[in-house]
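Visitor: One structure coming up, written as structure tokens, with questions to follow.
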Amino acid sequence: MRIVLFGPPGAGKGTQAHRLADRMDLALIATGDIFRANVANDTDLGREANSYMDKGELVPDDVVVRMVLDRLDEEDAHHGFILDGFPRTLPQAQALENELAERNRPLSAVLKFSVPDEVAVKRLAGRRTCRRCQRSYNVEFKPPRTDRVCDVCGGELYQRDDDHEDTVRHRLEVYHHDTEPLEFYFWERGLFRQVEAEGTEDEVTDRALEAISDLLEDG
Ligand code: AP5
């Protein structure tokens with residue numbers, strides 16, 4: 001199974017990506033997480049990506065596409081994957097489609113998690129992220145059992161630099177302008193379902209699983 005998750009910042013893509021990858025035993029490939037790991041390790045890729053991420057801009061397509069296609073070559077991704085945060089532009093979507101067609105492994109489903117912008121802003125203001133496993137918490141909606149410690153791996157929780165309100169609002173603009181139009185691209189291919197992303201995490205996971213099985217039945 002090869003699944004793409006997209007939606008605005010704060011929609012809960014990362015949260016659901018972890019849940020679905022665990023449930024369905026799929027590799028989890030999250031472009032934002034890969035960039036942040038490179039920033040933490042001060043690599044060339046990390047320095048380049050950070051100059052865009054800091055401002056809430058998209059990293060250039062050629063950089064992201066190369067990175068994702070390399071990642072898809074890794075053994076775990078051969079058995080199926082969840083892509084969180086990729087593709088985000090038409091050139092990225094086309095590059096992915098062409099690559100998967102060459103490998104005879106087309107996408108199975110594209111899910112858009114939808115929440116109103118104001119909900120996203122509120123969620124991101126309270127988000128805390130695990131430095132080690134990148135899981136998301138929230139001071140209001142999902143506090144960790146121990147202050148600033150990840151429930152799952154014990155890593156330290158921190159606030160992302162791009163979660164400040166001005167940057168979040170800019171990321172939302174970029175999303176509406178560059179990424180939201182991909183809906184039509186995937187809808188035309190019969191791969192698209194919208195998932196209402198308000199409610200509890202369990203409710204959203206159930207809706208996502210239902211959307212995936214709908215698409216598989218239709219396909
Ligand atoms: P990335 O890390 O992908 O950020 P994003 O897409 O903006 O998404 P977020 O991580 O902010 O939100 P999310 O939807 O994953 O929400 P989460 O589950 O954490 O990208 C960062 C940057 O990297 C980009 O700006 C760009 O610069 C660059 N980049 C990445 N990919 C790129 C690409 N393909 N091309 C170019 N550049 C790229 O949840 C958010 C909060 O809500 C958490 O606190 C969580 O606990 C809470 N929450 C989750 N679900 C619920 C619920 N049901 N109810 C209440 N609260 C909830």
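The values are calculated or read from the model by the stated rules, or taken from the named source; none is laboratory data. Source: prediction; values computed, not measured. Glycine also receives a Cβ, built like all others from the backbone with ideal geometry; neighbour counts cover every protein chain displayed.
Visitor: Tell me, yes or no, whether segment 64-83 has at least one residue that is in contact (Cβ under 8 Å) with a residue 60 or more places away in the chain, among the small types (Gly, Ala, Ser), within 21 Å of residue 25 (Cα to Cα) and buried (at least 18 other Cβ atoms within 10 Å of the Cβ).
Guide: no
Visitor: Need the failing condition index for residue 3 against (1) surrounded by fewer than 20 Cβ atoms within 10 Å (Cβ to Cβ); (2) closer than 20 Å to residue 69 by Cβ; (3) away from the ligand (no atom under 11 Å from the Cβ), just the number.
Guide: Result: residue 3 fails condition (1) only.
Visitor: Every residue in segment 22-41 that is under 25 Å from residue 170 (Cβ atoms) and charged (D, E, K, R), please.
Guide: 33, 36
Visitor: Determine whether segment 96-116 contains at least one residue that is more than 8 Å from the ligand (Cβ to nearest atom), within 22 Å of residue 54 (Cβ to Cβ) and of a type in the set (D, E, K, R).
Guide: From segment 96-116, those more than 8 Å from the ligand (Cβ to nearest atom) are 96-112, 114-116; that's our starting set.
So of that shortlist, the ones also within 22 Å of residue 54 (Cβ to Cβ) come out as none.
There is no residue in segment 96-116 that is more than 8 Å from the ligand (Cβ to nearest atom), within 22 Å of residue 54 (Cβ to Cβ) and of a type in the set (D, E, K, R).
Visitor: Still on this structure, please answer the following. What single numbered condition from (1) more than 8 Å from the ligand (Cβ to nearest atom); (2) farther than 18 Å from residue 34 by Cα; (3) modelled with pLDDT of 95 or more fails to hold for residue 158?
Guide: Checking residue 158 against (1) more than 8 Å from the ligand (Cβ to nearest atom); (2) farther than 18 Å from residue 34 by Cα; (3) modelled with pLDDT of 95 or more, the one that fails is (2).
Visitor: Looking at segment 50-90, which of its residues are among the small types (Gly, Ala, Ser) and closer than 16 Å to residue 9 by Cβ? If you could, list the steps in order and put the result at the bottom.
Guide: Taking segment 50-90 first, the residues among the small types (Gly, Ala, Ser) are 51, 56, 77, 80, 85.
Result: 56, 85.
Visitor: Tally up the residues in segment 62-92 that are closer than 21 Å to residue 167 by Cβ and either more than 7 Å from the ligand (Cβ to nearest atom) or in contact with a Cys (Cβ under 6 Å, 6 or more places away or on another chain) (or both), please.
Guide: 1
Visitor: Further question on the same structure: Could you please find all residues in segment 199-219 being touching a residue at least 60 places away in the same chain (Cβ under 8 Å) and either hydrophobic (A, V, I, L, M, F, W, C) or farther than 17 Å from residue 20 by Cα (or both)? Lay out the reasoning, then the answer.
Guide: Filtering segment 199-219 down to residues touching a residue at least 60 places away in the same chain (Cβ under 8 Å) leaves 201, 204-205, 208-209, 211-212, 215-216, 219.
Correct list: 204, 208, 209, 211, 212, 215, 216, 219.
Visitor: Looking at 40, 101 in this structure, which one is among the aliphatic types (A, V, I, L, M) and without any contact (Cβ under 8 Å) to a residue 12 or more places away in the chain?
Guide: Criteria check complete, one pass: 101.
Visitor: Quick one: how many residues across segment 16-31 are within 11 Å of the ligand (Cβ to nearest atom) and either outside any helix (DSSP H, G or I) or in contact with a Phe, Trp or Tyr (Cβ under 9 Å, 6 or more places away or on another chain) (or both)?
Guide: 4
Visitor: Looking at residue 51 and the list (1) in contact (Cβ under 8 Å) with a residue 40 or more places away in the chain; (2) over 17 Å from the mean Cα position of the chain (by Cα); (3) within 12 Å of the ligand (Cβ to nearest atom), which single condition is not satisfied?
Guide: So residue 51 meets the others, but not (1).
Visitor: Condition (residue is buried (at least 19 other Cβ atoms within 10 Å of the Cβ), polar (S, T, N, Q) and in contact with a strand residue (DSSP E or B) (Cβ under 9 Å, 6 or more places away or on another chain)) applied to segment 158-178: is it met by at least one residue?
Guide: no
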